[in-house]
Amino acid sequence: MEKIVAKKKFGQNFLKDRTVLQKIVEAMPNNDHKVVEIGPGLGDLTKYLVDVKSVEAFEVDTDLCKLLQNKFEKEIATNQLRINCGDVLTAWKSELIEESYDLVANLPYYIATNIILKALADPKCKNILVMVQLEVAEKFCANEGDKVFGSLSIITQSVGEAHIVVHVPPTAFEPQPKIDSAVFLIQKKRDRCDEDFEDMLRVAFTQPRKTLMKNLSAVYEKNLLQEAFEKLSLTQTIRPHQVSTLDYHQLYKLTRSLDGTTRESGKR
Ligand code: SAM
């Protein structure tokens, strides 16, 4: 087989560091779920995964699909591994995987946030253990008060708990990326938030350095917000990243209940 050259357009940085590969496997939650792997690449992580789990993989690169089909002939024959060749964003349909699954992957960074949000919203996905750009991992795992605490952190905390498993330097990959990476784990405990709640978060963080009141008042009635802020003991000057996930949920409920006359969420 001809030599595989990494394709930049598919975000191909292959993880070669065995210690990191082992750390990913060790961090996998202990359960009977299937594993969904997005972007198996040359199959280095897949090799570990098929030893312990049944794996459903999605790979966009047809050259890599062929390589994987040869490399894992035995696992494919015994149904331990299924490879879906194509773009995961179109191929990954909820009906495709019937049972509960965990997402375990070294994700293509250009679509990583998109994929994680899709997995967070899918009730069949129970845990998410992924490698992404360090900055992105920090956003998903941030806590109230952290500078990068935002919609991604709040959506994550609304469905479960997240933490960084390991920081990964560029030297762990071939070819080496220019940025640092991290593996992080989200353990889901509840189903996804209401879509209107996520809309409210988008408004709350429109201008992250402005006050929460200023951002929200672009869409919600000012006096309704003032009443809700007072009820929750939130100051008028509080910034969006300083408010807890619980308070965002309370604020959402209050903006819906305090004004029953305007659209159910109290929007203008
Ligand atoms: N898992 C391998 C590893 O750890 O070495 C490769 C990871 S590499 C960062 C990302 C992988 O995702 C590549 O194999 C790439 O071809 C694949 N990929 C990129 N875009 C994709 C897409 N839209 N759908 C499915 N796979 C994709």
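With a probe of 1.4 Å, find how much accessible area segment 1-98 has per residue, and write the answer as a whole number in Å².
Values: 5500 Å² over 98 residues.
Using a 1.4 Å probe on heavy atoms only, each residue of segment 1-98 averages 56 Å².
Kyte-Doolittle mean at least 1.0 and Cα extent at least 27 Å along the axis: which DSSP H helices of the chain qualify?
Working: long enough: none.
Within the chain not a single helix satisfies the rule.
In a GNM of the chain with a 10 Å cut-off on Cα contacts, which of Thr171, Thr19, Thr211 has the highest mean-square fluctuation?
Looking only at Thr171, Thr19, Thr211, the biggest GNM fluctuation is shown by Thr19.
Tell me the net charge near Glu75. Cut-off is 15 Å between Cβ atoms, Glu75 excluded, with +1 for each Lys or Arg and -1 for each Asp or Glu. Kindly include the intermediate steps, with their values, before the conclusion.
Values: positive: Lys34, Lys47, Lys53, Lys71, Lys74, Arg82; negative: Glu37, Asp44, Asp51, Glu56, Glu59, Glu73.
Summing Lys and Arg as +1 and Asp and Glu as -1 gives 0.
What percent of all Cα-Cα pairs in the chain falls in each 5 Å bin, counting up from 0?
1, 6, 13, 15, 16, 14, 10, 8, 7, 5, 3, 2, 1, 0
Which of Glu227, Glu95, Glu198 ends up with the largest GNM mean-square fluctuation for the chain, with Cα atoms connected below 10 Å?
Most flexible of the set in this elastic network: Glu95.
If you take the square roots of the eigenvalues of the alpha-carbon gyration tensor of segment 100-208 and sort them as a ≥ b ≥ c, do you get rounded (a/c under 1.5), prolate (a/b over b/c) or oblate? Intermediate results must be reported in sequence, preceding the final value.
Working: a/c = 1.98, a/b = 1.35, b/c = 1.46.
Note, shape of segment 100-208 comes out oblate.
Within the accessible area of segment 195-259, what % is carbon and sulfur when the probe is 1.4 Å and the other protein chains stay in place?
On the way: 1550 of 3280 Å².
Reported share for carbon and sulfur atoms: 47 percent.
Say we join alpha carbon atoms closer than 10 Å with springs in a Gaussian network model of the chain; which of Lys93, Lys53, Lys253 then has the biggest fluctuation?
Lys93
If you add up the charges near Val20, with Lys and Arg at +1 and Asp and Glu at -1, over every other residue whose beta carbon is less than 11 angstrom from its beta carbon, what do you get? Write out the running numbers ahead of the final one.
On the way: positive: Lys16, Arg18, Lys23; negative: Asp17, Glu26, Asp44.
That works out to 0.
Taking the dipole about the Cα centre of the chain, with the C-beta of Lys and Arg at +1 and of Asp and Glu at -1, give me whichever of Thr46, Leu15, Leu68 is farthest to the positive side.
In the chain, that residue is Leu15.
Rounded to the nearest 0.05, what FRET efficiency do Ser233 and Lys66 have when you use their Cβ-Cβ distance and R0 = 41 Å?
Working: r = 61 Å, r/R0 = 1.48.
Once rounded, the FRET efficiency stands at 0.10.
What Cys residues in the chain are without a partner cysteine, judged by a Cβ distance under 4.7 Å?
Result for the chain is Cys125, Cys141, Cys193, no neighbouring Cys Cβ within the cutoff.
The values are calculated or read from the model by the stated rules, or taken from the named source; none is laboratory data. None of these values were measured; they are calculated from a predicted model. Virtual Cβ from ideal backbone geometry, glycine too; neighbours counted across all protein chains shown. SASA here: full protein model, heavy atoms, side chains in, ligands and nucleic acids out. Shrake-Rupley method; radii C 1.70, N 1.55, O 1.52, S 1.80 Å.
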